[in-house]
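> One structure is given below, represented as structure tokens, and several questions about it will come after.
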Amino acid sequence: MRIFLVGITGAMGRTLLEISDEIVSGYASECGEINGIKVYDDFQKVEEEFDVILDFSNKNITDKVLEFAKSVKKPLVMATTGLDEETEKRILELSKTQPIVYSKNFSVGMNVMSEVVKLLAKTLSDFDIEIIEKHHNQKVDAPSGTAKMLFDSIKEERTNAKAVYDRTQVHEKRNANEVGISVVRAGSIVGEHSTIFAGLDEVLEIKHQAGSKKIFAKGAIRACEYVINKDSGIYGMKDVIRG
């Protein structure tokens, strides 16, 4: 498998280079070389042959990535977070003509947790739910895409669920359909997500903690292997895990 990596000089890009020898070239804001691998700052100048595009960059260039994927007609693994609804619609549109894996978190454990949270949201139907996410002080988007993913899992079972991010302006008791989402940005925390289910006289908390960025890199490589032989369509990390 040959991977073209968008965001090759970023933190995740460097992590991917550590664990994989399948990256043949990449894209960054400045051209050059990294670990002997050609880096381009213009998609139209890419010369190397590759089988799949892996995007671990930032939302400001997502449109360019989608245009590039469309022009070369290659499968795409979209790992960039913080995308707005309009961009997600463009991803869905492109998936009509080529296979795309799009996920807000590429950790296998985190995606299993998302499934467990969905089950608990149904089973513990009268429990209050809170989501707490923690990341390093350099992360710019909040709440994290993973926190949103957990909320989406809850909403699949509790269709009237409402995300609440700030209680300082509200002086009233909690409504039954609220799901509080709290954010911590501090130090070098790689990533930590907790979902609390609080009932009468009992609390159940589900937690996932990332020890390093390698778990996301390994999941993304697994997604690349999965998507190469797939038909056009949109796939998630849960599809990758199921195989």
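The values are calculated or read from the model by the stated rules, or taken from the named source; none is laboratory data. Note that the structure is a prediction, hence the values are computed from the model and not measured. Neighbour counts are summed over all protein chains in view; Cβ atoms, including those assigned to glycine, are modelled from backbone coordinates with ideal geometry.
> Which numbered condition in (1) closer than 24 Å to S212 by Cα; (2) assigned to a helix (DSSP H, G or I); (3) of a type outside the set (F, W, Y); (4) in contact with a strand residue (DSSP E or B) (Cβ under 8 Å, 6 or more places away or on another chain) is the only one that V77 fails?
Among (1) closer than 24 Å to S212 by Cα; (2) assigned to a helix (DSSP H, G or I); (3) of a type outside the set (F, W, Y); (4) in contact with a strand residue (DSSP E or B) (Cβ under 8 Å, 6 or more places away or on another chain), the lone unmet condition for V77 is (2).
> Same structure again: Go through segment 18-60 residue by residue and tally those that are surrounded by 15 or more Cβ atoms within 10 Å (Cβ to Cβ) and more than 19 Å from the chain's Cα centre (by Cα).
17
> Can you name every one of the strands (runs of 3 or more DSSP E) wholly within segment 1-64 that holds 2 or more residues which are among the hydroxyl-bearing types (S, T, Y) and in the same structural domain as P75 (by the TED database)?
Those strands (runs of 3 or more DSSP E) span 23-27.
> Determine whether F151 is in contact with a Pro (Cβ under 9 Å, 6 or more places away or on another chain) and assigned by the TED database to the domain that holds E205.
yes
> Find all pairs meeting these conditions: Cβ atoms under 7 angstrom apart; at least six residues apart or on different chains; first residue within segment 58-69 and over 13 Å from D42 (Cβ atoms); second residue part of a helix (DSSP H, G or I) and not aromatic (F, W, Y).
K59/T87; T62/T87; L66/R90; L66/I91; L66/L94; A69/L94
> Scan segment 92-112 for residues that are crowded, with 20+ Cβ neighbours inside 10 Å, touching a residue at least 60 places away in the same chain (Cβ under 8 Å) and within 14 Å of the chain's Cα centre (by Cα) and jot them down.
I100, V101, Y102, S103, N105, F106, S107, M110, N111
> Can you find a residue in segment 211-227 that is more than 22 Å from A142 (Cβ to Cβ), β-branched (V, I, T) and outside any loop (DSSP other than H, G, I, E, B)?
Looking through segment 211-227, at least one residue is more than 22 Å from A142 (Cβ to Cβ), β-branched (V, I, T) and outside any loop (DSSP other than H, G, I, E, B).
> Now a separate question. Taking the residues in segment 173-210 that are of a type in the set (D, E, K, R) and modelled with pLDDT under 95 as candidates, determine which candidate is surrounded by the fewest Cβ atoms within 10 Å (Cβ to Cβ).
K173
> Quick one: is L150 farther than 30 Å from E22 by Cα and surrounded by fewer than 16 Cβ atoms within 10 Å (Cβ to Cβ)?
no
> If you check S125 against the conditions, is it small (G, A, S) and assigned to a helix (DSSP H, G or I)?
No: the conditions fail for S125.
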